[in-house]
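Structure first, then comments.
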Amino acid sequence: MILIKNGDVYSPTSKGEQDILVSNDKIAFIQQGMVLANTSLPIQILDASNCYIVPGFIDSHVHLIGGGGEGGFKTRTPELLLSDCIKSGITTVIGVLGTDGTTRTMPSLLAKCRALEEEGITSFVYTGSYQTPVKTLFSKIEEDIILIDKIIGVGEIAISDHRSSQPTKHELARIAAEARNGGLLSGKSGVVNLHIGDSKSMLSMIEEIIDETELPITQFYPTHINRNSYLFEAGIQYAQKGGFVDFTTSTIPHFIENGEVKCSVGLKRMLDSGVNIEQITFTSDGQASLPDFDENGVLRGMKIGKVNSLYHEVKDAILNEGIPIEEALKVITSNPARILKLQNKGQINEGYDADLVFLNKKTLEIETVISKGRVMLQNGELLVKGTFE
């Protein structure tokens, strides 16, 4: 058991100064001035004075087993390390495959997902990769979502990109219908996570499917919406219609110089355009390759996505763009939890999972991280590492 005293709680909405009692992996009680009658109980007491206590961060687009390979085998990126998540305040991850759906496979992704669970953070995955037809574990998308506890949807399927399988509108609609049915029958989100490339076709295929079928706009979860100025503007219109939009926080200066919209800046622009904060999420695209292609599709450089970019952009949104902390935090806490139907995640409430992050009130730096009721980082010191770190 852990008793957290004197913290200023954001759930992500403000709850004021509260004490929090953690029992096993759950938040047992939240109240002011909690006093323990039996002081002989084996309870760890943490003083959170001068800290904000916020929900553990959710990164819902991470290449758990690495990604990339667009520059040949030597450019395959490495697997995610547990410590990178903990130091970044991330207590829940959603794993994806990417461009390489051949040497990176669903069994390997699922195994890494379960390994991260054993090491101390919550993990889920999407079934599939860039390619269509979707390569599933079982014979159908519905079976993967219904029968595998850790599979919550399908993706990341690539559209509007020279690396995609160039699926037709009818193919994508069928995939979305199968994912939707799988979600309905299993109580999961069943969303279709879509990689959106640089093509000027942008979100048009999704919009046509929504117009021509009974599928709701919320069935789709497009990511990389900030990758260029014209896609970002299309994303504003899409979100104003009720669609979800996901910003990618991993970037390099060259991308920003060439039109990519910095996430913290983009969040302010979307909010100023009247987009509801509930429609927006941030993800890191951690461990992905960040390939730089010229206008002819020739690779000219590559970097690796980092999960620590997730909170960095949220912090910039608060400090540099003037977005209130309770609003900015939603894009990595309550919003992804709601969109992906992650039960007992994304908020600080009694009965919810004990995933908590302490932020220094002055600097907003991460000081302490608790995942599933276990202190993983304390006062900036990493207490738990991955098995082979």
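The values are calculated or read from the model by the stated rules, or taken from the named source; none is laboratory data. The structure presented is a predicted model; accordingly, all values stated were derived computationally and were not measured. With ideal geometry, Cβ positions are generated from the backbone for all residues, glycine too; neighbour counts draw on all protein chains shown.
Please indicate, with yes or no, whether at least one residue in segment 54-70 is over 22 Å from the mean Cα position of the chain (by Cα), under 20 Å from residue 304 (Cβ atoms) and surrounded by 15 or more Cβ atoms within 10 Å (Cβ to Cβ). Within segment 54-70, one or more residues are over 22 Å from the mean Cα position of the chain (by Cα), under 20 Å from residue 304 (Cβ atoms) and surrounded by 15 or more Cβ atoms within 10 Å (Cβ to Cβ).
Annotation note: of 334, 371, the sole residue that is in contact with a Ser or Thr (Cβ under 9 Å, 6 or more places away or on another chain) and under 18 Å from residue 61 (Cβ atoms) is 334.
Checked against the criterion of being more than 30 Å from residue 219 (Cβ to Cβ), in contact with a helix residue (DSSP H, G or I) (Cβ under 7 Å, 6 or more places away or on another chain) and of a type in the set (Ser, Thr, Tyr), the candidates 387, 368, 363 yield just one match: 387.
Criterion applied to 207, 156 was being under 22 Å from residue 232 (Cα atoms), of a type in the set (Asp, Glu), touching a residue at least 40 places away in the same chain (Cβ under 8 Å) and in contact with a Phe, Trp or Tyr (Cβ under 8 Å, 6 or more places away or on another chain), and the one residue passing it is 156. Residues of segment 207-253 being of a type in the set (A, V, I, L, M) and assigned to a helix (DSSP H, G or I), which ones? Answer for segment 207-253, where residues must be of a type in the set (A, V, I, L, M) and assigned to a helix (DSSP H, G or I): 209, 210, 217, 231, 234, 236, 239.
Does segment 345-358 contain any residue that is over 21 Å from the mean Cα position of the chain (by Cα), surrounded by 13 or more Cβ atoms within 10 Å (Cβ to Cβ), assigned to a loop (DSSP other than H, G, I, E, B) and not hydrophobic (A, V, I, L, M, F, W, C)?
Within segment 345-358 (the criterion being over 21 Å from the mean Cα position of the chain (by Cα), surrounded by 13 or more Cβ atoms within 10 Å (Cβ to Cβ), assigned to a loop (DSSP other than H, G, I, E, B) and not hydrophobic (A, V, I, L, M, F, W, C)), the answer is no, since none of the residues qualifies.
Would a scan of segment 360-376 turn up a residue that is buried (at least 24 other Cβ atoms within 10 Å of the Cβ), of a type outside the set (A, V, I, L, M, F, W, C), modelled with pLDDT of 95 or more and part of a loop (DSSP other than H, G, I, E, B)? No; the residues of segment 360-376 include none that is buried (at least 24 other Cβ atoms within 10 Å of the Cβ), of a type outside the set (A, V, I, L, M, F, W, C), modelled with pLDDT of 95 or more and part of a loop (DSSP other than H, G, I, E, B). Within segment 223-232, one or more residues are loosely packed, with under 15 Cβ neighbours inside 10 Å, without any contact (Cβ under 8 Å) to a residue 40 or more places away in the chain, among the polar types (S, T, N, Q) and farther than 25 Å from residue 148 by Cα. Whenever a residue of segment 326-344 is more than 17 Å from residue 192 (Cβ to Cβ), its partners that are basic (Lys, Arg) and not in a helix (DSSP H, G or I), lying with C-beta atoms within less than 7 angstrom and at least six residues away or across chains, give the pairs 337/345.
Condition check: over 30 Å from residue 31 (Cα atoms), modelled with pLDDT under 95, surrounded by fewer than 18 Cβ atoms within 10 Å (Cβ to Cβ) and in contact with a helix residue (DSSP H, G or I) (Cβ under 9 Å, 6 or more places away or on another chain). Does residue 299 satisfy that? Answer is yes for this residue. Total residues in segment 1-43 satisfying the condition of being assigned to a strand (DSSP E or B), of a type in the set (A, V, I, L, M, F, W, C) and without any contact (Cβ under 8 Å) to a residue 24 or more places away in the chain: the figure is 1.
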